[in-house]
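Engineer: The structure that follows is given in the form of structure tokens.
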Amino acid sequence: MTDAAIVMITKREDEIVQTLCRAEEVPADEPLRVVLPDDHAVAVYRWEGGFYCTDDLCSHGEASLSEGFVEEGQIFCPFHMGSFCISTGEPRAAPCSEPIRAYAVTERDGVLLIER
Ligand code: FES
């Protein structure tokens, strides 16, 4: 797990675009934990040339998903090895049964953004 600092928040009419980190900060082989300004933690993934983002907290317990590993487009929780799709947040492997939130990631000038 690697932590990164938030750079800025930009407000538009009905959305909040939040800057996660620079694309180059996301390791190729492990998730990056990012804590947003409201203390909400997300996990950022680099997978097959794209970037993905989900909530960091597992829906099954108090585990930080950024301490897990990604395989076949799924994040595997470090506690009980349940998994979620990193694109949709849907549970893929037990004991996980409740989805987590997934965010569409946009890359702009080398910076990763999500809307919340
Ligand atoms: S806490 Fe994540 S699978 Fe149990």
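Read-outs: derived from the displayed coordinates by stated rules, not from any lab. All of these numbers come straight from a predicted model, not from anything done at the bench. Reconstructed Cβ throughout: ideal geometry from the backbone, glycine too, with neighbour counts over all protein chains shown.
Engineer: Taking R0 as 25 Å, what's the FRET efficiency between Glu71 and Leu36 from their Cβ-Cβ distance, rounded to 0.05?
Structural biologist: My answer for the efficiency is 0.45.
Engineer: Hey, for a label at Ser97 modelled as a point 7 Å past Cα toward Cβ, could you say which residues of region 34-66 have their backbone N under 12 Å away?
Structural biologist: Output list for this probe position: 60.
Engineer: In addition: Return the distance in nm (one decimal) between the two label points of a simple spin-label model at Thr106 and Glu90, each offset 7 Å from Cα along Cα→Cβ.
Structural biologist: 2.6
Engineer: Fewest Cβ neighbours within 10 Å first, please rank Glu25, Glu72 accordingly.
Structural biologist: Glu72, Glu25
Engineer: If I take R0 = 30 Å and measure r between the Cβ atoms of Glu24 and His80 in this structure, what FRET efficiency does the formula 1/(1 + (r/R0)^6) give, to the nearest 0.05?
Structural biologist: On the way: r = 32 Å, r/R0 = 1.07.
That gives a FRET efficiency of 0.40.
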